[in-house]
């Protein structure tokens, strides 16, 4: 499959869309690239707070889930709402400088019905910025479309 844009796989737009490029994706894992900009949430005094990396891991997981929906249905219908909890987060820095290119890997490590656990690792060059584990519960209805616009 050729992926035309990040927007075709995740619902995020404007300031909330942190993923800029899809490097790799399959049914279990996605790897994305992002560049810190002044428009990012939690950006202040020339850098972004590392807490924003939780959202970046979630969006990268969304790329994987959107890609799988595309494979199964032939198109991505925008998905359903998620409730995301942080199971564990280890941050190795407090802030990420403006224009830093970040690589994020999100992998599904456990899934049963509408519950999924995601393990994410975020890199700046060869330095690990964060290791994050998320718990995701997906809605079983499609009534939440457009909530990220």
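List of remarks:
- The stretch 16-50: number of residues that are over 13 Å from the mean Cα position of the chain (by Cα), assigned to a loop (DSSP other than H, G, I, E, B) and over 11 Å from residue 107 (Cα atoms): 10
- Being buried (at least 16 other Cβ atoms within 10 Å of the Cβ), in contact with a helix residue (DSSP H, G or I) (Cβ under 8 Å, 6 or more places away or on another chain), modelled with pLDDT under 95 and closer than 24 Å to residue 38 by Cβ holds for only one residue in 136, 122, 63, 84, and it is 63.
- Residue count for the stretch 96-114 under the criterion of being touching a residue at least 40 places away in the same chain (Cβ under 8 Å) and either surrounded by 13 or more Cβ atoms within 10 Å (Cβ to Cβ) or not in a strand (DSSP E or B) (or both): the result is 12.
The values are calculated or read from the model by the stated rules, or taken from the named source; none is laboratory data. Since this is a predicted model, take the numbers as computed values, not measurements. Backbone-built Cβ (ideal geometry, glycine too); neighbour counts: all protein chains shown.
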